[in-house]
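What follows is one structure encoded as structure tokens, with my remarks underneath.
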Amino acid sequence: KISVYSRMWEFMSSRPHVLTGSTREGIERVRESKGKYAFLIESSTNEYTNERAPCDTIKVGKNLDAKGYGIATAKGSGLKEIINIAVLNLTENGDLAKYKNRWWYDRSECKRE
């Protein structure tokens, strides 16, 4: 049995013209396609883009999966524990969600319907 993701990749890789070189290019192809092109995109970028002018993109359906973010530091920098604790605190007290709402939705360039 072939998984949905394997079938999707098989379809896309057999049609190189559907792939893009960057997220920006994918978003532009969606905008220029008049409904004939869909682009798989990381969910936070999708949500942010949908709240920015020209307000002509939408998220279709639910996220395919859920992944967190990582923060890179140099080995031995001593920042790992400090950053881990800071991110954990921001998550637990709701600040990360508050900041996302502030930057994504409160400052939206698109009118709500």
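The values are calculated or read from the model by the stated rules, or taken from the named source; none is laboratory data. As the structure is a computational prediction, the values presented were derived from the model and not from experiment. Every residue, glycine as well, gets a Cβ built from its backbone with ideal geometry; the counts of neighbours run over all protein chains shown. Note: areas computed on protein heavy atoms with side chains; ligands, DNA, RNA excluded. Shrake-Rupley method; radii C 1.70, N 1.55, O 1.52, S 1.80 Å.
For the range 31-75, taking the residues that are open to solvent by less than 50 Å² (accessible area, probe 1.4 Å), within 14 Å of the chain's Cα centre (by Cα) and small (Gly, Ala, Ser), the one that is farthest from Trp103 (Cα to Cα) is identified as Ser43. With the structure loaded, tell me whether Arg31 is assigned to a loop (DSSP other than H, G, I, E, B) and under 23 Å from Arg112 (Cβ atoms) or whether it fails that test. No: the conditions fail for Arg31.
Given the condition in contact with a helix residue (DSSP H, G or I) (Cβ under 9 Å, 6 or more places away or on another chain) and over 30 Å from Lys111 (Cβ atoms), answer yes or no: does some residue in the range 45-62 qualify? No - not one qualifying residue is present in the range 45-62. Cβ separations smaller than 6 Å between residues 6+ apart or across chains give the following pairs from the range 1-29 residues that are basic (Lys, Arg) to residues that are surrounded by 12 or more Cβ atoms within 10 Å (Cβ to Cβ) and not in a helix (DSSP H, G or I): Arg29/Tyr37. Figure legend. Inter-residue proximity from the range 40-65: first residues basic (Lys, Arg), second residues open to solvent by 50 Å² or more (accessible area, probe 1.4 Å), beta-carbon distance below 8 Å, spacing 6+ or different chains. Indicated pairs: Arg52/Glu109. There is no residue in the range 96-113 that is open to solvent by less than 50 Å² (accessible area, probe 1.4 Å) and either closer than 28 Å to Pro16 by Cβ or without any contact (Cβ under 8 Å) to a residue 12 or more places away in the chain (or both). For the range 57-87, the set of residues classified as hydrophobic (A, V, I, L, M, F, W, C) and outside any loop (DSSP other than H, G, I, E, B) consists of Leu79, Ile82, Ile83, Ile85, Ala86, Val87, listed by residue number.
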